[in-house]
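The structure appears right after this line, and notes come after that.
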Amino acid sequence: MRMLGIVLAAGQGKRMKSKLYKVLHPVCGKPMVGHVLDVLDSVRVDRKVVIVGHGAEEVKSYVGDRAEFALQAEQLGTGHAVLMAKPLLEQEEGVTVVICGDTPLIRSDSLETMIRLHREQGAAATLMSAELGVPQGYGRIVRNEQGHVVRIVEQKDCSPDQDAIREINAGTYCFDNRKLFAALAKVKNDNAQKEYYFTDVVGILREQGETVLAYCTNDESEWIGVNDRVALSEAEKYMRERINRKHMTNGVTIVDPANTYIEKDVEIGADTVLHPGTILRGKTVVGEDCVIGPNCELTDTAVAAGVQIKHSVLSEADVGQGCTVGPFAYLRPGAKLAGNVKIGDFVEIKNAFLDEGAKVSHLSYIGDAHVGKNVNVGCGAITVNYDGFNKHKTVIGDDAFIGSNVNLVAPVTIGKGAFVVAGSTITIDVAENDMAIARERQDNKPGYAEKLRARFKAAKENKSK
Ligand code: UD1
Ligand code: CA
């Protein structure tokens, strides 16, 4: 059986009061429309059509080749929006899932169950509903005495009786594709908002004697439609809890889940411990047996097993097995650490490879560099990689020793096992096993401190006279 999906994403989202189009607002780091597409992928739809309108270009460029698009140039309502998919889909035979782009919490197992129910009962339409204490803002499900779904009434069109109904429309539906488009042609806009309501399709099919079902979810969150920033924060909270629970179930210790922020596509190995204030973003992957946090922000970063990271920021970095990072380290794009590398406090690494066992323990900047195995970079040593126009590379051979407060003025190469004396500014390559010293020779003047003090004292007294 063919499976089709339609995502409604053409609205502006006025109630968000935002320059960003509604469906692009992120929930746990991913635009809402992205979550909705994930759900459609999880039930293996053959074709997905996203209805775009407001911010069409932005939405299209985010969605990319994950879906086909239909343009709704004027936003005349959700029914009108679905109609835009007609030229693309009307010839198809199968089940069509229609889902709102602002319902990011719909779960794939619920959708799966709903589709199964729909098929088993040979329904023309099945919608997802939920019982809410406060049904404010949602369409109400009207049932007859036998308990069958009769139609959906939008809040603004509700009679006082209907207003009291607590079963609401979650905005996710499945349909027999042919029947959907046939019924859609009959939707009118004679309602409070003068809009073509997609929800009217349910009543139309029912009047034709078709089977219309409701699948009532008991999840406390999945029906949330994000119309404003209050709902956005609620969606964020529920999504965060859901993600954290998944990782804990998989064997990750999260010391304080309320204070740990993990985006949806992040992967974490078992027996890793996340301390409070940990934020894992984008395509970050953390291996097993790591200790991350407190207070770490990792974006698109790969962390192998057995790594410890404290109070640090890592972005597009790659950290090898058994490394320690921080406290207060900053690993920028292209920072790549082999196994057992130590990055200490106030160290910044950018576009640099540090081989097995290298140590940069304190107050350093390493940029555009290749640092060999077991190299020790002393406190305050830096690569001078930028001349105001171009970036240049520093190469440090295995087992070399870079003393404290050394400037390595790139392009420069330090040979294997070489020794660079503290305080040196190195501008010329150093050969293997050589020692380099590049600083003024020290001159000690015996007893001169006393003379100096006397002179300064006299000068001060003179001045105050
Ligand atoms: C809609 C439902 C309501 C349901 C709720 C669930 C209708 C008429 N009402 O109400 O029964 O309880 O969702 O969250 O469908 N959109 C378009 N083109 C348009 C209008 C809207 O693409 O012309 C898109 C929006 O971008 C949004 C989705 O459709 O993603 C839903 O629209 P919205 O205005 O948020 O509908 P609700 O009032 O929340
Ligand atoms: Ca909505």
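The values are calculated or read from the model by the stated rules, or taken from the named source; none is laboratory data. Keep in mind that what you see is a predicted model, and the values were worked out from it rather than measured. FYI the Cβ positions are ideal-geometry reconstructions off the backbone, even for glycines, and counts take in every protein chain you see. These accessible areas exclude ligands, DNA and RNA; they are computed on the full protein's heavy atoms, side chains included. Shrake-Rupley method; radii C 1.70, N 1.55, O 1.52, S 1.80 Å.
Across region 258-272, the number of residues qualifying as within 11 Å of residue 290 (Cβ to Cβ), of a type outside the set (Asp, Glu) and surrounded by fewer than 16 Cβ atoms within 10 Å (Cβ to Cβ) comes to 1. Considering each residue of region 203-220 in turn, at least one proves to be at pLDDT below 95, open to solvent by 60 Å² or more (accessible area, probe 1.4 Å) and among the polar types (S, T, N, Q). From the list 166, 245, 151, the one residue that fits, being away from ligand 2 (no atom under 16 Å from the Cβ), touching a residue at least 40 places away in the same chain (Cβ under 8 Å) and of a type in the set (Lys, Arg), is 151.
Looking at 103, 96, which one is more than 15 Å from ligand 1 (Cβ to nearest atom) and either within 22 Å of residue 227 (Cα to Cα) or crowded, with 24+ Cβ neighbours inside 10 Å (or both)? Show your work before the answer.
On the way: 103 fails: more than 15 Å from ligand 1 (Cβ to nearest atom).
Testing whether each residue is more than 15 Å from ligand 1 (Cβ to nearest atom) and either within 22 Å of residue 227 (Cα to Cα) or crowded, with 24+ Cβ neighbours inside 10 Å (or both) leaves just 96.
Just one of the listed residues (7, 59) is assigned to a helix (DSSP H, G or I) and open to solvent by less than 20 Å² (accessible area, probe 1.4 Å), namely 59. Annotation: of all residues in region 173-199 being within 25 Å of residue 134 (Cα to Cα) and either out of contact with any Asp or Glu (no Cβ under 9 Å at 6 or more places or on another chain) or not assigned by TED's automatic domain parsing to the domain that holds residue 142 (or both), the one that is surrounded by the fewest Cβ atoms within 10 Å (Cβ to Cβ) is 198. Within region 201-235, the residues that satisfy the criterion of being within 19 Å of residue 150 (Cα to Cα), in a helix (DSSP H, G or I) and charged (D, E, K, R) are 206, 207. Just to be sure, is residue 383 part of a strand (DSSP E or B), open to solvent by 10 Å² or more (accessible area, probe 1.4 Å) and either β-branched (Val, Ile, Thr) or at pLDDT below 95 (or both)? Spelling it out, it is not the case that residue 383 is part of a strand (DSSP E or B), open to solvent by 10 Å² or more (accessible area, probe 1.4 Å) and either β-branched (Val, Ile, Thr) or at pLDDT below 95 (or both). Among residues of region 79-93 being touching a strand residue (DSSP E or B) at 6+ places or on another chain (Cβ under 8 Å) and more than 8 Å from ligand 1 (Cβ to nearest atom), the one that is nearest to residue 223 (Cα to Cα) is 82. When residues in region 322-339 are screened for being buried (at least 19 other Cβ atoms within 10 Å of the Cβ) and either touching a Pro at 6+ places or on another chain (Cβ under 8 Å) or part of a loop (DSSP other than H, G, I, E, B) (or both), 5 of them pass.
Of all residues being out of contact with any strand residue (DSSP E or B) (no Cβ under 7 Å at 6 or more places or on another chain) and open to solvent by less than 10 Å² (accessible area, probe 1.4 Å) in region 29-38, which is farthest from ligand 1 (Cβ to nearest atom)? Just the residue, please. Before the answer, list the steps.
Of the residues in region 29-38, the ones out of contact with any strand residue (DSSP E or B) (no Cβ under 7 Å at 6 or more places or on another chain) are 30-32, 34, 38.
Those left that are additionally open to solvent by less than 10 Å² (accessible area, probe 1.4 Å): 32, 34.
Values: 32: 8, 34: 13 Å.
Here the residue is 34.
Is region 84-100 home to any residue that is modelled with pLDDT of 95 or more, within 18 Å of residue 38 (Cβ to Cβ), outside any strand (DSSP E or B) and not polar (S, T, N, Q)? No: zero hits. Which one of these does residue 76 not meet: (1) away from ligand 1 (no atom under 11 Å from the Cβ); (2) in a loop (DSSP other than H, G, I, E, B)? Only one criterion is unmet by residue 76, namely (1). Quick one: is residue 453 at pLDDT 95 or above, of a type in the set (Lys, Arg) and open to solvent by 60 Å² or more (accessible area, probe 1.4 Å)? When the stated conditions are applied, residue 453 passes them. Scanning region 12-20 turns up no residue that is crowded, with 24+ Cβ neighbours inside 10 Å and within 13 Å of ligand 1 (Cβ to nearest atom).
The condition (being hydrophobic (A, V, I, L, M, F, W, C) and modelled with pLDDT under 95) is satisfied by just one residue among 149, 134: 134.
Which is surrounded by fewer than 16 Cβ atoms within 10 Å (Cβ to Cβ) and either aliphatic (A, V, I, L, M) or in the same structural domain as residue 335 (by TED's automatic domain parsing) (or both), of 431, 418? Testing whether each residue is surrounded by fewer than 16 Cβ atoms within 10 Å (Cβ to Cβ) and either aliphatic (A, V, I, L, M) or in the same structural domain as residue 335 (by TED's automatic domain parsing) (or both) leaves just 431.
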